[in-house]
Amino acid sequence: MIFDSYEAYRAANFTPKVCILGSGPAGMTIARKLGAAGIPVVVMEAGPREFSDESQDFYRGSTVGDFYFDLDITRLRL
Ligand SMILES: Cc1cc2nc3c(=O)[nH]c(=O)nc-3n(C[C@H](O)[C@H](O)[C@H](O)COP(=O)(O)OP(=O)(O)OC[C@H]3O[C@@H](n4cnc5c(N)ncnc54)[C@H](O)[C@@H]3O)c2cc1C
């Protein structure tokens, strides 16, 4: 089940045992494994359903040391 707001999530009275932050491949893989094992899990995702510049701006940052690409193009916040 997907809730589009924290209020909607609270109203559902779902009581997870585990909370995962971020619905990327890592978070979703763990959530699916836990769910398959019968462990109630909630995934909290900060980004929107579709790409947006406003959300992506949170990923702006610089790197030091070895060269790496800009942080806001090597990660997607959605
Ligand atoms: C443009 C692009 C192309 C790519 N192409 C490939 C490819 O072809 N093949 C390949 O193997 N890999 C590719 N990658 C790399 C791949 O996407 C990453 O390795 C993978 O997404 C990392 O997974 P992750 O779950 O660790 O993190 P992410 O996928 O970064 O997931 C993190 C999630 O957490 C959310 N989040 C962040 N902060 C918070 C917060 N405070 N609270 C809640 N949620 C939060 C983010 O919105 C995001 O959904 C590509 C990456 C990019 C950016």
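The values are calculated or read from the model by the stated rules, or taken from the named source; none is laboratory data. Predicted model, so just to flag it, every value in this text is computed and none were measured. Protein only, heavy atoms only, side chains kept; ligands, DNA and RNA dropped before computing areas. Shrake-Rupley method; radii C 1.70, N 1.55, O 1.52, S 1.80 Å.
Remark: the chain projects, on average over all directions, an area of 6.6 nm² (convex hull of Cα atoms).
Overall, the accessible surface of segment 1-45 at a probe of 1.4 angstrom is composed of carbon and sulfur to the extent of 61 percent.
Here the relative contact order of segment 19-61, from alpha carbon pairs under 8 Å that lie six or more residues apart, stands at 40 percent. Could you state the angle between the C-alpha long axis of helix 25-36 and the longest principal axis of the C-alpha atoms of the chain, as a value from 0 to 90 degrees rounded to the nearest 10? Helix 25-36 sits roughly 10 degrees off the main axis of the chain. Working from Cα pairs under 8 Å separated by at least six residues, relative contact order for the chain is 24 percent.
The residues of segment 10-72 expose on average 80 square angstrom of accessible surface per residue, using a 1.4 Å probe on protein heavy atoms.
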